Amino acid sequence: MHSRSSTNRTDTTLDAGPNSSRRSRLDNIKNHIHHPMHHLNQRRDAIRGFSPAWFTACMGTGITSTSIHSFPYYWDPLRYISMVLAGLTLLMVVVFTVLFIWRLVKHRDFFDILYHPQIGLTLGAIPMAYSTLTTCIATILGWYHLTWVPTLVVVLWAISVAMSIASLLAVPFALMSHQGHPFDKVTAALFMPVVPGVVAAAAGGTVASVQNVGSVAVNIIIASYVLLGAGLGIVLMFLTFYFIRLVLFKLPPRETIASVFLPLGPLGQATNATLLLGTQ
């Protein structure tokens, strides 16, 4: 009896080991991949889990499209690849916007999102996605001198500016008034709501360079400089705050270690915006 109970205890210990827990996690992941809505009461509940963080996918796809189109060595297939990626960016922006508005209309939980310490910070991804889409359209379609392109890019840029200002003001206020952020738990996601101003300024430099924009280009450049100053000023304050957090509490955990590179984004975009606006 003693031997059997020892064996049972040994088996239980082995089952709870790291290999067993790893297999269990992999099984759960596979189950969620094949049955992503299995644990939902209704499929309609999936819309409740839609987060503004999805808009970050538009940013990466859009900037890849712009980079490929601006490649210094001219090659026809590159143009088509950049157009496909730009179309994919447009599709994602439209779909994600519809899903996010659907969530807000159905559940009326905008303030729950705004006051959430993690999800609220990702609201800045929405105006950045629109700024990226604006840059894509201005860069790619600007070559074809279509009469409706200047109006389209100016309208899209104005929408991204309005959302950037809202993100720049509302989210930091919610961060101070409602969200809870212990100093030792702060991550570089703190930059998300203040970067849109810098990104919109860079997009403004691209929009102002589109032919047939006319006298509006001067207003776009002035507004872009204002956005650049406001956004970069807050970014530098947050950068100081984040650097002190790293000095006092060391690097973040392994799961979020990649977030330490996020401050490169606003600094690089600020440089890009300064160059684009200075050449107009």
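Only the coordinates and a few stated rules stand behind these numbers; no lab work does. All values derive from a computational prediction rather than experimental measurement.
Restricted to Cα atoms, segment 50-278 shows a radius of gyration and a Dmax of 17.9, 56 angstrom.
Relative to the present Cα-Cα distance, how much length would full extension add between TRP102 and PHE261 at 0.36 nm per residue of separation? Before the final figure, lay out each step's value.
Values: separation 159, 0.36 × 159 = 57.24 nm, distance 3.28 nm.
The TRP102-PHE261 span can extend by a further 54.0 nm.
Taking the centroid of alpha carbons for each part, segment 121-184 and segment 239-280 are 18 Å apart.
Pairwise alpha-carbon distances in segment 154-222 exceed 15 Å for 60% of all pairs.
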